[in-house]
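The values are calculated or read from the model by the stated rules, or taken from the named source; none is laboratory data. Since this is a predicted model, take the numbers as computed values, not measurements. All Cβ positions, glycine included, derive from the backbone under ideal geometry; neighbour counts span all protein chains shown.
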Amino acid sequence: MISYTQYVERLFERSASVAMHQDLSHIQLLDKGFNHPSQSYPTIHVAGSNGKGSVSAKIAAALQQQGYNVGLYTSPHLFTFRERIAINGHCITEEAVIDGLQQIFQLEGTYGMRASFFELTTLLAFLYFRESAVDIAVIETGLGGRLDATNVIRPISTVITSISREHAHILGEDLEMIAAEKAGIIKENIPLVLGPKARYQSIYERAKTLHAPLYLSKKISQFFDEENSAVAELALQHLPLSLSPQAIAQGIAFRPSCRFEKRGDVIFDVAHNPDAIFHLLQALHTFFPKRHVRFLVGFSADKDYALCLKLISDVATHVHLVQASTPRAAALSDLAAAMEQIKERAYSLHDTVIEGVLHAQRSALENGELLVIAGSFYIMADAKAALGVYPPRDSLDLNEKNFSSSSFSSALT
């Protein structure tokens, strides 16, 4: 019998062997082969360069507070693949992964096709949510929107959180091109909620063409979570569902793990592009204006890590560079080369994430500094393991000990 680990390894093999397809034909065919599980429950579709994971989690948490049985599909994961597919905060079981992938691989073989990792994972989520009879599912895009495998759904609401430069080799070189790709999730007559940094002409034009009611979130804050909470609240207020103010308030107070998550004198934050790094630095200045800050960072190769490092170096006492154990990671040599272009740089290289975290923590303690671990999702599991921070085995690490943004400032001091 094939084990859970073997099925997941087979799935991840597709990350290296099958590139993102430039149309939706593969996911559409697989979805049709299973009698369209993507259409068997209401969905909310969330895209954006930054904030889409947090907004998705907040919306799902509010719906759960109201008593709905809520599916949540997000990516990437921090600790286990199963985090990507959850119902009411509980990860998909290993048995369900085995059963679902077994069916999917069999159908794929019947069609004589090879779907991508994300297409297969997305279909697994659709099937699991249908079999679990969810009342509603919140679906986060993986990359872009127009060609994203999640874009086969017919949502009751769409959300675009923000636009910033990312994945230029796929989405385009300028922000309007990226916005046009995100705008691909907009559907005819379906409400669209825009974050304050998602107001681009291509989005407005598509919304107008498709007669999509438009709702604009105007909240701009030095703390990214406040912006995300405002976007989630606006989306929840315009759903064709009944939600109490209390459920909405409780839902938007949630912050997923590694979003300005403070554990002692360490902050975990998955800021991984210049816009997110800028917001992280603003939050540090707001909540810790008198603290010296040491950074440990690792980035994916397709991010603008050179600009990220320049921004970080302007405030960091020292930058510890690490490389995640994924093919997508920027090499240590490339990160070091970027640091060499920065004046008054102070950095060190570490062979492993765990070794880097332990070294950085010792130095931060000796100097009375705040340690910020930032960048790629893919370094966070090892970073937390190095510090003995582990999530519940079968639940999402929603970090419920975090505080709502309204009380966050006083709680941190």
Fill in: Evaluation of Ser164 against (1) in a loop (DSSP other than H, G, I, E, B); (2) modelled with pLDDT of 95 or more; (3) among the small types (Gly, Ala, Ser) (one fails), failing number
(2)
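Taking the residues in the range 1-49 that are β-branched (Val, Ile, Thr) and more than 30 Å from Leu175 (Cβ to Cβ) as candidates, determine which candidate is farthest from the chain's Cα centre (by Cα).
From the range 1-49, those β-branched (Val, Ile, Thr) are 2, 5, 8, 18, 27, 43-44, 46; that's our starting set.
Adding the requirement that they be more than 30 Å from Leu175 (Cβ to Cβ) leaves 2, 5, 8.
Working: Ile2: 30, Thr5: 23, Val8: 20 Å.
Only one residue tops the list, namely Ile2.
In the range 364-413, what count of residues is obtained for those that are of a type in the set (A, V, I, L, M, F, W, C), at pLDDT 65 or above and under 17 Å from the mean Cα position of the chain (by Cα)? Break it down into steps so the answer makes sense when it comes.
Within the range 364-413, the subset of a type in the set (A, V, I, L, M, F, W, C) is 364-365, 370-374, 377, 379-381, 383, 385-387, 389, 396, 398, 403, 408, 411-412.
If we keep only those that are at pLDDT 65 or above as well, we get 364-365, 370-374, 377, 379-381, 383, 385-387, 389, 396.
From what's left, under 17 Å from the mean Cα position of the chain (by Cα): 373-374, 377, 379-381, 396.
Result for the range 364-413: 7.
Here is a list: Ala230, Ala212. Which entry is among the hydrophobic types (A, V, I, L, M, F, W, C), in the same structural domain as Gln65 (by TED's automatic domain parsing) and outside any loop (DSSP other than H, G, I, E, B)? Write out each step before concluding.
Working: Ala212 fails: outside any loop (DSSP other than H, G, I, E, B).
On inspection, the qualifying residue turns out to be Ala230.
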Discussion item. I'd like the full set of residues that are surrounded by fewer than 17 Cβ atoms within 10 Å (Cβ to Cβ) and in a helix (DSSP H, G or I), limited to the range 364-393.
Written reply: Leu365, Glu366, Asn367, Ala385
Worksheet item: Within the range 258-345, which strands (runs of 3 or more DSSP E) (wholly inside it) include 2 or more residues that are among the β-branched types (Val, Ile, Thr) and touching a residue at least 40 places away in the same chain (Cβ under 8 Å)?
Response: 266-269, 293-298
Worksheet entry | Unmet requirement for Leu143, which otherwise passes all of (1) outside any loop (DSSP other than H, G, I, E, B); (2) at pLDDT below 95; (3) under 18 Å from the mean Cα position of the chain (by Cα) | (1)
Worksheet item: Of all residues in the range 242-265 being aliphatic (A, V, I, L, M) and in contact with a helix residue (DSSP H, G or I) (Cβ under 7 Å, 6 or more places away or on another chain), which is surrounded by the fewest Cβ atoms within 10 Å (Cβ to Cβ)?
Response: Leu243
Item to complete: For Ala324, work out the one condition from (1) modelled with pLDDT under 95; (2) farther than 16 Å from Ala383 by Cβ; (3) among the hydrophobic types (A, V, I, L, M, F, W, C) it doesn't fulfil.
Response: (2)
